[in-house]
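Below: the structure, in structure tokens.
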Amino acid sequence: MLQTKRAYTEKEINGLHLRIYASHQYLYSDAVKILFNHLSTSKNRNIGLATGATFEPFYAELVSQCKAMGKERLEVNTFNLDEYLGLSRDDPNTYATYMQRHLFSKIAVEGSFIPNSNAAYPEIEASFYENLIRSKGGIGLQYLGIGTNGHIGFNEPGTATDTITHTVELSESTISSNSIYFKTARMPHKAITMGIGTILSADKIVLIATGKSKSAAIMGSVMQDPSPDVPASALRMHGNATILIDAPAASSLRL
Ligand code: F6R
């Protein structure tokens, strides 16, 4: 059993609860423990999930902790933050396929929801997804990554803080960061994402960031005046948001 008590430095800054870890092993182990703590203390079992490179070790750790507990199934409904548009649902580059590969092929869940990458009417799909989240009782625990430009979900710089699930044109920065993952198709330039307002409606939020490439976005989110130019800075309005980062991602913070 990992002893995590002294595995991180803890700070409260500008309404955010920040934990800085020396080791990824402890960071991801704690990130998963937060999920199990949530499930043991809250009736809301709707979990908002993120994808991307940051979350691959998270799902590996979640699967490993489930197996260690003899669990093959989690009694949760999962709602992914976002999905590319213009790809068939079984395209290897969709976030639906990512989730299948990293989690759902290994651990069963009660329900899993993700916007349809192949929706004929994307705006209708976006509003359907927002209504679905609300009709199921809202998100209890929302996990987030962060883009190098400070985006959360695919809420790019300039997005208003009260947006609900909507379609987006991805920014040049996001296209350049994510296109390396597209080996078999051109990266779509459009996506559906939960809005910042949708994200802020969650009871609890956990953002994970690792690596030096995220340090400026973390600095802007945590230390600078909140601004739509850095979408993650909106988390400071939430009141129950925790940020788990490694030392390189924290390296621009003046603590
Ligand atoms: C993905 C998502 C994005 C990513 C962010 C970081 O579902 O919501 O906001 O979390 O782009 O991606 P990585 O982890 O690949 O650097």
List the lysines whose Cα lies under 24 Å from the Cα of residue 190, skipping any in the same chain that are fewer than 8 positions away.
214
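Take the solvent-accessible surface of the protein heavy atoms, probe 1.4 Å, and return the percent of it on the chain that carbon and sulfur atoms account for.
Details: 5810 of 11350 Å².
After summing per-atom areas, the C and S share lands at 51 percent.
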On a straight-distance basis, which lysines could pair with residue 106 in a cross-link, Cα separation under 28 angstrom, same-chain partners fewer than 8 positions away excluded?
33, 43, 67, 71, 136, 183, 204
Considering only 187, 69, 219, give the residue with the highest GNM mean-square fluctuation for the chain, with springs between Cα atoms whenever their separation is below 10 Å.
69
For the range 228-235, Karplus-derived ³J(HN,Hα) couplings (6.51, -1.76, 1.60; θ = phi - 60°; whole Hz; x for glycine and proline) come out as x, 5, 10, x, 5, 5, 5, 4
Work through the residues other than residue 13 whose Cβ is under 11 Å from its Cβ and net out their charges, Lys, Arg +1 and Asp, Glu -1.
+1
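Can you pull out the GluC sites (Glu not before Pro) in the range 1-94 that DSSP calls coil and that have at most 14 other Cβ atoms within 10 Å?
Working: sites: 10, 12, 61, 72, 75, 83; in loops: 72.
Here the sparse-neighbourhood loop sites are 72.
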Using a 1.4 Å probe on the protein heavy atoms only, what accessible surface does residue 172 show? Give it in Å² to the nearest 10.
140
What's the center-to-center distance, using Cα atoms, between the range 101-157 and the range 186-232 in Å?
14
For residue 190, distant residues with modelled amide H under 5 Å away
85, 170
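Are there trypsin sites (Lys or Arg not before Pro) in the range 173-236 that DSSP puts in a loop and that have at most 15 other Cβ atoms within 10 Å, and which ones?
Those that pass, being in a loop and sparsely packed, are 183, 186.
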Restricting attention to the range 85-145, which trypsin sites (Lys or Arg not before Pro) occupy a DSSP loop and are surrounded by at most 14 other Cβ atoms within 10 Å?
89
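Note down the magnitude of the dipole of the range 16-246 about its Cα centre, charges +1 on Lys and Arg C-beta and -1 on Asp and Glu C-beta and zero elsewhere, to the nearest 20 debye.
Details: 19 positive and 21 negative charges, 142 e Å.
Charge dipole of the range 16-246: 680 debye, to the nearest 20.
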Considering Cα pairs under 8 angstrom that are at least six residues apart, work out the relative contact order of the range 1-128 and quote it in whole percent.
21
With a ≥ b ≥ c the root eigenvalues of the C-alpha gyration tensor of the range 1-153, is it rounded (a/c under 1.5), prolate (a/b larger than b/c) or oblate?
prolate
How large is ³J(HN,Hα) for each residue in the range 13-18, as worked out from phi by the Karplus curve 6.51 cos²θ - 1.76 cosθ + 1.60 (θ = phi - 60°), to whole Hz, x for Gly and Pro?
10, 6, x, 10, 9, 10
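The values are calculated or read from the model by the stated rules, or taken from the named source; none is laboratory data. Please read these numbers as outputs of a predicted model, since none were measured by experiment. Don't worry about glycine lacking a Cβ; one is built from the backbone with ideal geometry, like all the others, and counts go over all protein chains shown. Surface areas here come from the heavy atoms of the whole protein model, side chains and all, with no ligands, DNA or RNA. Shrake-Rupley method; radii C 1.70, N 1.55, O 1.52, S 1.80 Å.
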